[in-house]
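The values are calculated or read from the model by the stated rules, or taken from the named source; none is laboratory data. Keep in mind that what you see is a predicted model, and the values were worked out from it rather than measured. Don't worry about glycine lacking a Cβ; one is built from the backbone with ideal geometry, like all the others, and counts go over all protein chains shown.
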Amino acid sequence: MNPVQLFRLEEKEARFRSPSFFLRILLLAFFVFTPFLFRSFEVLDVVLKIIIFAALVASYDVILGYTGIVSLGHVLYFGIGCYFVGIFMGKLGWTSYGHLALSFLIAIVISGILSVLIGLFSLRIRAIFFAMVTLAFMEFTFILSSQWRSVTGGDDGISFKLPGILAIDFSFGKILGVEFSGRIISYYLILLLSLFLFLLMLRFVHSPVGRVLQSIRDNEQRSIALGYRTYLFQVIGSSFASCVAAVTGGCFAIWVRYVSPDSSLSVSIMLDVLLMVIVGGMGTLYGGIFGAAFLMVTRAFLPKLQVLIASLLPGIPFAIRLSERWLFYFGLLFIIIVYFFPKGIVGTAQEILARRKRE
Amino acid sequence: MNPSWRRWLPTLIVFAIFLSPFLLISPKTYITLTISGLAMGMLLFLVSSGFSLIFGFLSVLNLAHGALFTWGAYIGFTAFTLINKWTGWGGPNSMILNIVIFLLALIVAGLLVAVLGIITERLVIRPVYGSHLFQIFITVGAMIVMEELIRIVWGPNDEVMPVPFNFMGSWDLFDVVVSKYPLIAIVVGLILYIVIFMILRKTKIGTIVRAGVENPEMVQVMGHNIYRYFTGVFAAGSALAAIGGGMWATFVKSIHPAMGGEIIVFALIVAIIGGLGSMTGSVVGALMVGLSYNYVAYLVPKAALGITMLLLVIILSIRPTGLFPEGT
């Protein structure tokens, strides 16, 4: 047996005994029991957005942390997912399960094709071109979605109803004192889908293709020398991540039941995703959960903090203005994290654990 | 394709874009559109030349460039308002005083933003030279911080940009309506282009910078402190962005904190089309984008941004390194 096989065997045996395994189970259990633990809609909303954004950030991490190329337009595919569900359910009024599945499928196919095209003609030259071209395409799609009123509803967006058991007025009856409305059912549907996506991405990054991608990230020249067409592998990695992002976008649309350029395609969402991936840690996949949780929870509590500051410092408009611009602090935090904790929460934790194990 | 034909390709494309609308638009409208297209091109050149030069020389993808552009517009706005309140040169008096106050506001904006650029380069970008990934993150962070600072200082709303009195309206040349401001913008842009070109071509600093675009290590080997030049180029690029911001704001007559984010996409496209690090490339790319944008905006208003993307795709597929990749 060669060393790699030995290492994998060891890893496989330790899989169910490691503390991080229990942590993962605990995390999943928390997400499963959230509707029973917290009865308020606000908490459920925050938790669900954490789930969706964790999947989105993980898909971004496949490009950034595992493939080592920077995309600045990843939210484009998220937006495509959102918009196809929105157009099918709202604009065309085809509210049935089949059409919902069809809208997901079309979004995945179109995202795949688009990302392969973008990758083919921008990754060919320099990886840095990819960042610029994706940013340009995202901006283009954003303007397209806000101007093509007849299809996308312009800046007003599209609000829509969902079929059957996902509709808001549907009720399944009470289980353990919680009413199983369409909301709760869509919560579980999205949780299931996100879990599936997450496992898929874990499988992808540990597959032979994923290992090649990591080798390209670590040393591109060497991978070329070993005979890999690095450029094709990068295209595969980025298009896989784009398809995953399209599905998360569809999930987001199912939960919010509304799509608009600002809520699904804007640069500010891209900034959120970047911040989440940096806070959570690049190249870890699990980092997305922590990054998303950090940002979503802070954002949910910020309005209360603002009220507090406004009551503490009455009559000073500059202080109130300072407290309103929370994005400013996120920007500062962003720079500080990149300088001092470039590995993020999960990466730093992994490093500490690994050091302890060695000792 | 033989090389001699390739060398004339950029010129051919520009002329093709330049002349093609003749088939569809009446000559008078064509001239009006061409002038506003050239003006837009010169303004885009101001933004993207700095961006392109910073990328070529420092190899930093400076996503904060758009924020510097916005800072330039806001400082220009404040400077213009203050000077006008003090002297009244922006009102309905002579053209020369109008031009003086306009240039004063631009110079103030350029200088202050150059200082801001030096601070940004020293504090934020210097620690991460060499790592593309972290540079992108850091400049995104700097962009957020600078844009939010604008919202804190000037408030989050749109402001109306004051325009010197004599810059409004239009001249009537042989029955063709020519707006005044675009012509002024073209002249100022051309002067700046010539100045930059001369500095890069004829001075020692320019030679070092051009050498740095090609091979930074070699410049260091020759005994030049390249980091000092890095700071200088960053400051110059920021000043150009700021002047572009002030002129753009006068062009569209309004300013808002997110304007830099919109323009940075154009700057990216222009820089890629022209070839990163190339001045001539920037000016040609900017004129191509400006002209095609204006023609299409007149013919098919909604496809205007689409034509820019199409241009990018075409150029990238026939010449992946841009039109002028040599760093000239």
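Annotations
- Test: B:L97 is without any contact (Cβ under 8 Å) to a residue 60 or more places away in the chain, on the phi < 0 side of the Ramachandran plot and hydrophobic (A, V, I, L, M, F, W, C): yes
- Boolean, A:V85 is β-branched (V, I, T) and more than 25 Å from A:I143 (Cα to Cα): no
- Any chance B:I144 is at the interface with another protein chain (Cβ under 8 Å from one of its Cβ atoms), crowded, with 22+ Cβ neighbours inside 10 Å and farther than 18 Å from B:F234 by Cα: yes
- Residue that is nearest to A:L144 (Cα to Cα), among those in the stretch B:289-317 that are touching a residue at least 24 places away in the same chain (Cβ under 8 Å) and among the aliphatic types (A, V, I, L, M): B:M309
- Residue within the stretch B:293-304 that is within 14 Å of chain A (Cβ to nearest Cβ), part of a loop (DSSP other than H, G, I, E, B) and buried (at least 24 other Cβ atoms within 10 Å of the Cβ) present: no
- Index of the failed condition, A:G98 passing every other in (1) at pLDDT below 85; (2) farther than 17 Å from A:L189 by Cβ: (2)
- The residue list A:F16, A:F36 contains one member that is more than 14 Å from chain B (Cβ to nearest Cβ), part of a helix (DSSP H, G or I) and on the phi < 0 side of the Ramachandran plot, which is A:F36.
- Of the criteria (1) within 14 Å of another protein chain (Cβ to nearest Cβ); (2) more than 20 Å from B:F55 (Cα to Cα); (3) surrounded by 19 or more Cβ atoms within 10 Å (Cβ to Cβ), which one B:I136 fails: (2)
- Condition check for B:V213: in contact with a Gly (Cβ under 8 Å, 6 or more places away or on another chain), β-branched (V, I, T) and under 23 Å from B:T120 (Cα atoms): yes
- Residue match in the stretch B:79-86 (condition: of a type in the set (S, T, N, Q), in a helix (DSSP H, G or I) and over 21 Å from B:E262 (Cα atoms)): yes
- When the stretch A:130-140 is filtered for residues that are facing another protein chain (nearest Cβ under 10 Å) and buried (at least 22 other Cβ atoms within 10 Å of the Cβ), the ones remaining, listed by number, are A:A131, A:M132, A:V133, A:L135, A:A136, A:F137, A:M138, A:E139.
- The number of residues in the stretch B:183-222 that are touching a residue at least 60 places away in the same chain (Cβ under 8 Å) and among the small types (G, A, S) comes to 3.
Listed here are the residues, each with its yes/no results for (1) assigned to a helix (DSSP H, G or I); (2) surrounded by fewer than 18 Cβ atoms within 10 Å (Cβ to Cβ); (3) among the aromatic types (F, W, Y); (4) touching a Lys or Arg at 6+ places or on another chain (Cβ under 8 Å).
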position: A:D169; (1), (2), (3), (4): no, yes, no, no
position: A:Y187; (1), (2), (3), (4): yes, no, yes, no
position: A:L191; (1), (2), (3), (4): yes, no, no, no
position: A:S194; (1), (2), (3), (4): yes, no, no, no
position: A:F204; (1), (2), (3), (4): yes, no, yes, no
position: A:R217; (1), (2), (3), (4): yes, no, no, no
position: A:G227; (1), (2), (3), (4): no, yes, no, no
position: A:Y231; (1), (2), (3), (4): yes, yes, yes, yes
position: A:S242; (1), (2), (3), (4): yes, no, no, no
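- In the set (1) in a helix (DSSP H, G or I); (2) under 30 Å from B:L149 (Cβ atoms); (3) not basic (K, R), B:P257 fails one condition alone, (1).
- Test for B:G322: is it outside any helix (DSSP H, G or I), facing another protein chain (nearest Cβ under 10 Å) and under 19 Å from the mean Cα position of the chain (by Cα): yes
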